[in-house]
Structures are given as C-alpha cells and as structure tokens.
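J.: Here you go, one structure.
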Amino acid sequence: MALITLHHVTVGFGNAPVLEDISVSIEPGARACITGRNGEGKSTLLKVMAGLIPPDRGEVLRDASVRVAYLPQDVPEDRPGTVREILTQATHDLERLHIAEAIATRLELNLEADFNALSGGMRRRVILGCALAKEPHLLLLDEPTNHLDIASIKWLEGFLATAPFACLFITHDRAFLRAVAKTVYDLDRGLLSGWDCDYNTFLRRKAELLADEAVYWEKRSKKLSEEEAWLRRGVKARTCRNEGRVAALLKLREEFSQRRTQSGTASLSLGNAERTGDLVYRCENVTFGYTPEKPILTDVNLRILRGERIGILGENGAGKTTLLKLILGQLTPQSGHQQLGSRVQTAFFDQLRGALNPEATVAENVAEGKEYVSINGVRKHIFGYLGDFLFTPERARTPVKALSGGERARLLLARLFLNPGNVLVMDEPTNDLDVETLELLEEELANYGGTLLLVSHDREFIDHVATSVLVIEEGRVTTYPGGYSDWQTARARQQAETQKTSATRENVPAVPSQPKRDNAATRLSYKEQQLLKTLPDKIEALETRIAALNEALTQPDADYAALSAELSTAEADLETSLEQYFEIETKAEALKH
C-alpha cells in the first residue's frame, strides 16, 4: 500500500500552474529524487506532500498512521535553545527522546551546544536530526547536502541506503544522487514523469525524449506555417473538405497556444580584469586562532600562483572559511608571515548570501538603481543582463525575500560576474543551483583566466573545476594536485604505504640509523637560475597564445582540428612550465634559510 498518493494535483501562484495535474504514489522503501530546473516547483511538490501547502485542485491521500518528516531547504538563522531542547521539541514525545539522542551521537552533535552558536553545517545536522528523530515512514529532504561537509554527506548516503523508511529528496549533488536514488521523478513545465532507473540512464533517456520532442514540434510548426499560408490565399469554405481543413488549422493553433516550452538556458560570462603578478599569495609558518590558546590553523605554508584553480576541503569547523579570510587579508595571523601578490583584485561569493538585501528587488541588488550595467566593456540594460541568469523583467522587480534558494544563488552569481576581479573566492557556490546551471558554472570557471579559490563539498564540482586541492585536517593544510578523486587516491596510497612500512618494521629487527651525509646543493644551478628568469615570460606568452586560440575556435571559419591540436600542446606546455617554475622557486626559497 502506498505511503502517500497525489491524484491530479494542481498548484499555482497566479500565473501558469507550477504543478499541473500531478499524480504519483510513493511506496514503502522508495529511494527517489526529484529533478528539474530552479523554479519548476520541486520544493512546492515536497511541501504539498508534507501537508504545508494545500493543492488548488486534486487530492492528497495519506493514512493517518503514516508519519512524514520534512527537511526544509533553508537553515534557520535564529532558533534559541540547545541542541537537546530543539531535538526534544521535534519529537513531541519524551519517551522517544533516547532516539533523538542516539541520532545526535551518530551525527556527532553536542547536545548541550547553543544552536545559534553553531556553524551552518552543524545547524543543518541538527535539523536533519529533528527529522530523523520522528522515526518517519517517509522522509522528505530538500537539498539535504547543503552546508554538510563531505564526511557527513557520505554518512548520509550510507544511512539512507539502508534506512527502514522511504525517502524522496531534491539535490544538486550529482554524486549523492547517483549513490542514493533508485528512481527519478522529473518535474518539467509543471508535469511530473517517473523514471524507474538510475540517474545516468535517466539523463540519456531524457535527452532522447527532448530530441524527439524537438523533431515533433518542428514538424508541427512547419505544418502550421503551410496551413496559415493556405488560409491567407483564400478558402472556399462551402466544401466539406475545406471546412474540415479550417477546423484542423484552428485545432493546431490551439495546440500551439497551450504549448509550454522549456525556459531558456542561463548564460554565464565572467568579466575580465587586470592580470595579477605570478605570485598571488604566499604565507610562511602562519598560525591563527580566535583565541590564543586554541589555534584553528597551525604552521601553514602556502604559495598560490596566478591561474591556479584551488579547491579547499575539510570538515565543518576545520578552518576553510578562516583560511579564505586570511588570504583575503580580513584576518591577521597570530604568528608567521603572509604576503599578497601585486595587482590582486578579489571578488567574494558568500555561502550565506549576506551580500543580498532581502527587501530590495533583484534589479536593485545588482544595478543599485542604475538602468544599465557594463560587462566586459559592453553596455547592457539591467533586464537584459538579468535575463542571462533566467530572471524575467517581472521577476527582476521582485523582492529578494520572495526568491527561491536557487534564484538567490543565481542572483549572487549575477552580482559577482559583473566585477569578478582577477582572484575569485567562492564559498559554497553550488548550494541550491539546479544541475544545468551548475554545469554551466563549471564550464565558465574552468575557462576563467584569473585565480580561483573554491570551498565546496560537491565532489564532482571540485573534480571538474580544481587543478589542485588544499585539505585542512587538524589545523594542518596539505596540498594535493588534481581534484577530490585525486586526493582520495593519493590518501589511499599513503595509507597503504604507511601500513606496509609498519608491517615491515614489526617483522624486521631495528637497525641503528647512521648519520646521512648532506649532499644538497647550497645554491641554484646555472640552468635553474636561467629558467627562473625566463619562465615567467614564457608562461605569460603561453597564456596569451591559449587565450587567442580559444578566441579563434569561436570563429565560424575556424580550422577546429588544427587549432585544437595547437591548443592542447600549448596547455600541456603551460602546465609543465608552471610546475617547473614552482619547483625552482620553492627550492630557491628553501636555500635562503
């Protein structure tokens, strides 16, 4: 028997229905995800199932004994009380308080901690604990991975995979979706379709469906044009045949008038800024803590070069945002030395959306009362610019407080992309974005000409964008080349080597160590000195050539094969040159001490 059933449910908020004639049943044990673009009504559908929004038409059937728990998209900003008190309020049953405490233990929550003093990620864990403490038959999760660190996300994946209840969720995290969902419900233009398959299969089948739909409407459009032309030439309406043809034309017109097309695709384009020097940021032996006796970061040594795209990973509270603030110069280290490079212009994307004025309109938040904005030297009307981020003129006049989470994320991108600077700092930019916009953002950041510092718990996003990662563990910052998957592989290799070394030591008698003669060079070789002088010019020339090749590839008469081959060679040469320069400069710095 179904846990909950929707029969012909329609919900609208003044214009076209957000949900139109939706019929769906959620069975016990379901593991399903709702996909769709921002604004399609995914959160509305969950709220209807949770009983928070009544349908305009249709009915929601649910047995009174079925317990439904709902995790909202937003984290409460102000909720007085300790974690224990909030979990107790959520259960509404003191006899089940031990369940809440057990869940708090699994989520590593301090029951006596003040909720308002917690980080965004820890607050998210508390709200998740409130939902789980109800022992639901059906758990509804709206963006459950927002503000969670990777360890918590992986724990949630495993928990949901074996949980005794059904689960229906919305997420932008593709790795989470692939790990958990067994069924996909796709919400497209108000209509819901179910796909009993994994996410990758769904993507392939949906692409095929949209291609077939495009062919169908292309044929219907051609037919309509032909019939309209025939009608304009004059009709002898007395004949039965012509009367039938006119009726068919009227029906075809009605079909087109009722058609709901997909909304446009966001158009993301980062502005240009003056290039920084080769060195963007450097710190040596930096230690920082908000109290002297409890440092968050310890003995950090870091060098960031122009053009690097760095992902910053670590558990909630590890110090990721603190490291960003040190780099931005917003914090002063307790000890150690840090230096910002020349001509650095930073732009910051805040995960808490603090830069947005909730009372002002979308347009006012971006243009501050101006009618036109400038992007890459091109003057553009504010409504046209916001249209690139899928805001209609009507939506551009809407106060920010009325926007969905995804719309707020797109609005913050619109603000940021006007003046991205040459060092782009992004703290959890993927929260609430739909997958399509997320993939466009990935592509734009991968081609960004400046330096990128990125905090994200989205594993695929880090893999697709970052050229290296900084991992913060127990106050220490370690650099790894590549993305999240490369770090996991490197860590697994290190652990295997450590275990192998430990096993060898246990089985082999200890040998007294002999002093090792230091044969290290006391200065750079002549070749290294020459490379240190010539590599910066070579790197700059390669970057200029790569930019020119990318521009040439956009021309309609481009020789794509030849240009692509040259581009691959130039990019490989650039990567080799950067690594060589970094290695020699690091050696030179070490020889100074």
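The values are calculated or read from the model by the stated rules, or taken from the named source; none is laboratory data. Computed from a predicted model, the values in this text were never measured in an experiment. All Cβ positions, even for glycine, are placed from backbone atoms using ideal geometry, and neighbour counts span all protein chains on display. For accessibility, only protein heavy atoms count, side chains too; no ligands or nucleic acids. Shrake-Rupley method; radii C 1.70, N 1.55, O 1.52, S 1.80 Å.
J.: Let me have the 222 nm mean residue ellipticity of the chain computed from DSSP H runs of 4+ only, each contributing -39500 (n - 2.57), with the sum over all residues rounded to the nearest 500.
T.: -14000 deg cm²/dmol
J.: When the accessible area of region 1-85 is split by element with a 1.4 Å probe, what percent falls to carbon and sulfur?
T.: Carbon and sulfur: 49 percent of the exposed surface of region 1-85.
J.: Let me ask you something else. For the chain, count all C-alpha to C-alpha pairs, find those more than 47 Å apart, and express that count as a whole percent of the total.
T.: Above the 47 Å cut-off, the chain has 25 percent of its Cα pairs.
J.: On average, how much area does the Cα convex hull of region 334-384 cover when viewed from any direction, in nm²?
T.: Average projection, Cα convex hull of region 334-384: 6.5 nm².
J.: Translational diffusion coefficient, Stokes-Einstein: compute it for region 315-434 using the Kirkwood radius over C-alpha pairs as Rh, at 10 °C and 1.306 mPa s, and state it as an integer in µm² s⁻¹.
T.: Translational D for this selection: 100 µm²/s.
J.: Further, regarding this structure: Counting each pair of different Cα atoms once, what's the Kirkwood radius of region 91-229 in Å, rounded to one decimal?
T.: So the Kirkwood estimate lands at 18.1 Å.
J.: Can you give me the % of accessible surface on region 150-223 that is carbon or sulfur? Probe 1.4 Å, all protein chains present, nothing else counted.
T.: 56 percent
J.: How far is it, in nm, from the label point at A211 to the one at S225 when both lie 7 Å from their Cα along the line to the Cβ?
T.: Label at A211, label at S225, 2.3 nm between them.
J.: A further question follows. Would you mind computing, in nm to one decimal, how far apart the modelled labels at L532 and E59 are, each placed 7 Å from Cα along Cα→Cβ?
T.: 8.2 nm
J.: While we're here: Would you please give the FRET efficiency between R493 and A590, computed as 1/(1 + (r/R0)^6) with r the Cβ-Cβ distance and R0 = 22 Å, to the nearest 0.05? Present the calculation step by step, with values, prior to reporting the outcome.
T.: On the way: r = 25 Å, r/R0 = 1.14.
That gives a FRET efficiency of 0.30.
J.: Show me 113-119, 183-189, 206-212 ranked by packing, highest mean number of other Cβ atoms within 10 Å first.
T.: On the way: 113-119: 14.4, 183-189: 19.4, 206-212: 11.7.
Result, highest mean first: 183-189, 113-119, 206-212.
J.: Can you give me the accessible area per residue for region 283-402, using a 1.4 Å probe, in Å²?
T.: 50 Å²
J.: Relative contact order (percent) for the chain, with alpha-carbon contacts under 8 angstrom and 6 or more residues of separation?
T.: 12 percent
J.: Sticking with this structure for a sec: Could you list the square roots of 5 times each eigenvalue of the Cα gyration tensor of region 270-322, that is, the equivalent ellipsoid semi-axes, sorted largest first and rounded to whole Å? Please report the intermediate quantities before stating the final value.
T.: Working: eigenvalues 143, 41, 18 Å².
Equivalent-ellipsoid dimensions as semi-axes: 27, 14, 10 Å.
J.: Quick one: angle between helix 560-592 and the longest Cα principal axis of the chain, in degrees between 0 and 90, rounded to 10, please.
T.: Helix 560-592 and the main axis of the chain meet at about 40 degrees.
J.: Also, quick follow-up: Under 11 Å from a label point 7 Å along Cα→Cβ of T544: give me every residue in region 563-593 with its amide N that close.
T.: none
J.: Need the list of lysines near K219 for cross-linking: C-alpha distance under 29 angstrom, and skip anything on the same chain fewer than eight residues off.
T.: The reachable lysines, counting only those whose Cα sits under 29 Å from K219, are K206, K236, K251.
J.: Mind checking which aspartates and glutamates have their Cα closer than 15 Å to the Cα of K134? Skip sequence neighbours fewer than 8 apart in that chain.
T.: E85, D93, E95, E101
J.: Could you report region 1-141's accessible area per residue, 1.4 Å probe, as an integer in Å²?
T.: That works out to 47 Å² for each residue.
J.: Oh, and also: Roughly speaking, to the nearest percent, how much of region 549-593's 1.4 Å accessible area is carbon and sulfur? Intermediate results must be reported in sequence, preceding the final value.
T.: Numbers: 1650 of 2970 Å².
Heavy-atom surface of region 549-593 belonging to carbon and sulfur, 1.4 Å probe: 56 percent.
J.: Any chance you could run the full-extension gain for E359 through T569? It's 0.36 nm times the residue separation minus the Cα-Cα distance, nm to one decimal.
T.: 70.5 nm
J.: I've got another one for you. For D559 and K251, compute 0.36 nm times the residue count separating them, minus their Cα-Cα distance, and round to one decimal in nm.
T.: Difference between extended and current length: 106.1 nm.
J.: Then there's this: Mind checking the angle between helix 435-446 and the chain's longest principal axis? C-alpha axes, 0 to 90 degrees, to the nearest 10.
T.: Rounded to the nearest ten degrees, it is 40.
J.: At a temperature of 4 °C and a viscosity of 1.567 mPa s, determine how fast region 390-494 diffuses translationally according to Stokes-Einstein, using the Kirkwood radius over alpha-carbon pairs as Rh; express D in µm²/s, rounded to the nearest whole number.
T.: For these conditions, the coefficient is 84 µm²/s.
J.: Sticking with this one: Angle, helix 150-162 long axis vs. longest principal axis of the chain, Cα atoms, 0 to 90°, nearest 10?
T.: Taking Cα atoms only, the helix is inclined about 50 degrees.
J.: Here is a further query. R0 = 56 Å: FRET efficiency of F13 with Q580, Cβ-based, nearest 0.05? Numbers along the way, then the final one.
T.: On the way: r = 58 Å, r/R0 = 1.04.
In this case the efficiency is close to 0.45.
J.: Which of the lysines could be linked to K587 by a straight reach, that is with a Cα gap under 17 Å, when you skip same-chain ones fewer than 8 residues away?
T.: Hits, sequence-local ones excluded: K527, K533.
J.: Under a plain spin-label model, where a point goes 7 Å from the Cα along Cα-to-Cβ, how far apart in nm are L52 and S193?
T.: Placing both labels 7 Å along Cα→Cβ, they lie 2.8 nm apart.
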